[in-house]
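To start, the structure under review is shown below, and the notes come after it.
Since every read-out is calculated from the coordinates, none of them should be taken as a lab result. All values reported here derive from a predicted model rather than from experimental measurement. Here the Cβ is made from the backbone with ideal geometry for all residues, glycine too, and neighbour counts use every protein chain on show.
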Amino acid sequence: MPEAETMVKVFARPTSLNEKHFTYCPGCDHGLITRLVAGAIDKLGVQERTVFIAPVGCAVFAYEWFRCDGIQASHGRAAAVATGLKRANPDLVVISYQGDGDLAAIGTAETIHAANRGEAITVIFVNNQIYGMTGGQMAPTTLPGQRATSCPEGRDVATMGHPLPVAEMIATLAAPAYVTRQSLHDPRHVAQATKAIEKALRYQVEGKGYSLVEILATCPTGWRMPPAVAHQHVADVVTGAFPLGDLVDRG
């Protein structure tokens, strides 16, 4: 088979994505995660009944990229919007896509209570340890000593607290069906993240309840690192603070 034909078959754009270009920074993991979510939608054949909820953050225009219904939620309120959609029409497949500033700061209350109620939604939580879109400020998940524009000397846990372990917090609740943390720092972990996203979406289709997939992602722009160095940083440092793997699987 000619190489060009092989490339097209392997890297073909998921059918649930249109041809509009992403607005993510070059080298950012958001683009890959968005494609993985679209691939899961395609694999399960649920495009016609999927509603994608865009956050306020780097994925703010995501509703323009998917060939399915989309809604823009107010900052941090995606879980509340997802709850309303799913309860109004239980046949919908509702995906909430949020970053750490959106989900784990202003959206903490909505996140915790939606999980505690076991709302039948799928939450994709992109944890890149920084506010990427608004200028690189410290986020709830910023690591100790990590520099950001709002903590130029590095995060001091004595005055700024420790990074928020979102997946572990959700995992303490009785209702969630699936809680996992994955990464994208090498091909093996991309494959594992792909399976986790597919499982979380499948659990919703099967009526098994709330799922959260936390994904450790890079922000080369905010971290001021080349993409390859950023991925190595995830492997060497970030996974130590946020261990990978399934925390809850009641499927």
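Scanning the stretch 155-192 for residues that are outside any loop (DSSP other than H, G, I, E, B) and β-branched (Val, Ile, Thr) yields Val157, Thr159, Val166, Ile170, Val179, Thr180, Val190.
Glu168 fulfils the conditions (1) under 19 Å from the mean Cα position of the chain (by Cα); (2) among the acidic types (Asp, Glu); (3) over 16 Å from Ala241 (Cα atoms); (4) surrounded by fewer than 16 Cβ atoms within 10 Å (Cβ to Cβ) except for a single criterion, (3). Here the stretch 88-102 is the region considered, the condition is being touching a helix residue (DSSP H, G or I) at 6+ places or on another chain (Cβ under 9 Å) and part of a loop (DSSP other than H, G, I, E, B), and the residue that is surrounded by the most Cβ atoms within 10 Å (Cβ to Cβ) is Leu92. When the criteria are applied in full, Thr108 meets the requirement of being more than 22 Å from Gly31 (Cα to Cα) and among the polar types (S, T, N, Q). Selection of the stretch 9-52 for residues being out of contact with any Phe, Trp or Tyr (no Cβ under 9 Å at 6 or more places or on another chain), assigned to a helix (DSSP H, G or I) and either small (Gly, Ala, Ser) or farther than 21 Å from Ile71 by Cβ (or both) yields Lys9, Val10, Phe11, Leu32, Gly39, Ala40, Lys43. Only one of the numbered conditions (1) surrounded by fewer than 17 Cβ atoms within 10 Å (Cβ to Cβ); (2) in contact with a strand residue (DSSP E or B) (Cβ under 7 Å, 6 or more places away or on another chain); (3) more than 18 Å from Asn128 (Cβ to Cβ) is violated by Gly161, and that is (2). When the stretch 52-86 is limited to residues that are over 23 Å from Tyr131 (Cβ atoms), touching a Lys or Arg at 6+ places or on another chain (Cβ under 9 Å) and touching a residue at least 24 places away in the same chain (Cβ under 8 Å), the one that is surrounded by the most Cβ atoms within 10 Å (Cβ to Cβ) turns out to be Thr83.
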